[in-house]
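The values are calculated or read from the model by the stated rules, or taken from the named source; none is laboratory data. Bear in mind the structure is a predicted one, so any value in this text is a computation, not a measurement. Here the Cβ positions follow ideal geometry from the backbone for every residue, glycine too, while neighbour counts run over all protein chains shown. Ligands, DNA and RNA are excluded from the accessible area calculation, which covers all protein heavy atoms including side chains. Shrake-Rupley method; radii C 1.70, N 1.55, O 1.52, S 1.80 Å.
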Amino acid sequence: MPCIPIGDIQLNCEVDGEGTPLVLLHGLGGDLNYWAADAPVFAKHHRVVRPDLRGFGQTDKPAGPYSPGLFAGDVARLLDANRIEDAHVLGISMGGVIAQRLALDHPARVRSLVLVSTSSEVGASSIAAWQRLADKIERQGFDSASADARRSFSKGFAERHPEIVAELGRRNAACDPHGYAAAARAVADYNWTAELAMVTVPVLILQGLDDQLTPPGGSVKMSRVLPQARLLMIAEAGHNLPLEQPALFHNAVLAFLAGVDLTMSGIVRELRRHRK
């Protein structure tokens, strides 16, 4: 699919399947290919939209600063370009941050949320660490340490599948350093936990118990604030839960989305009946 003009950038995306729209938002250092194994599964039931987010993949990489609100605005305009009124929005890590901001800033565009390996706030020590990483990569590019993806998997998975870990690290190191740094700063410092009480759509939170990058406590905190949240804590899964446990990931997401769509279709039928 050719790139789409979205505000100040040309945004690359892939669209597959038919059904209620499902937008997949990748994490920091990723691109739309992160979902290569997932999109065909979801496309059997949904119209799947996979963008390369600003600064990544084949999408433009303008100079920063970026912000969660800027990313969310890009996604809202992507929905406009594809004539999508509202969509299920699934985001992992940075993508989950953007999904939350989209629901807060553009609530009418979100049918439901699936938040994977993400959080609604960043602690002081993590803020400083992310800022240092962004500064280093912007100045020096990626080195063996910054491209090492082992901590983004559970220890057991990393030991059993070093080839998958190495491939994700290679993709991470292939990112544009300036786009990566601008995105890292965008998601390095935010706190909107209290605001999430205003998000009234159904939310599924998926969290690996062995996540070394986003501690599970953040998902618990989100689940307590979001009015319609369901929390699924998954044993023996790290930050890249979809890569480690794809069957569980697909089944959990599809079951949740089917429930949301069934409930909403019932509400629509009831409204139409009362209008007659």
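What the table shows:
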{"read-out": "Per residue accessible area in Å² of the stretch 177-276, where ligands, DNA and RNA are left out and the probe is 1.4 Å", "value": "50 Å²"}
{"read-out": "Candidate aspartates and glutamates for bridging to Lys136, where Cα separation is under 14 Å - those fewer than 8 sequence places away on the same chain excluded", "value": "Asp176"}
{"read-out": "Proximal aspartates and glutamates relative to Lys44, as straight alpha-carbon distance under 16 Å, when same-chain residues fewer than 8 apart are discounted", "value": "Glu14, Asp16, Glu18, Asp261"}
{"read-out": "Scattering profile of the chain at q = 0.09, 0.10, 0.14, 0.15 Å⁻¹ [log10 I(q)/I(0), Debye over alpha-carbon scatterers]", "value": "-0.38, -0.48, -0.97, -1.13"}
{"read-out": "All aspartates and glutamates inside 12 Å of Lys155 as judged from Cα atoms, apart from same-chain residues fewer than 8 positions distant", "value": "Asp210, Asp211, Glu236, Glu244"}
{"read-out": "Label-zone membership for the stretch 1-27, site Gln58, 7 angstrom Cα→C-beta point, backbone N under 12 Å", "value": "1-4, 11-15"}
{"read-out": "Cα-based shape type of the stretch 1-114, given that a ≥ b ≥ c are square roots of the gyration tensor eigenvalues and the cut on a/c is 1.5", "value": "rounded"}
{"read-out": "Potential lengthening between Trp192 and Met233 on full extension [0.36 nm per residue; Cα-Cα distance subtracted]", "value": "12.6 nm"}
{"read-out": "Ordering of 163-173, 230-240, 44-54 by packing [mean C-beta count within 10 Å, highest first]", "value": "44-54, 230-240, 163-173"}
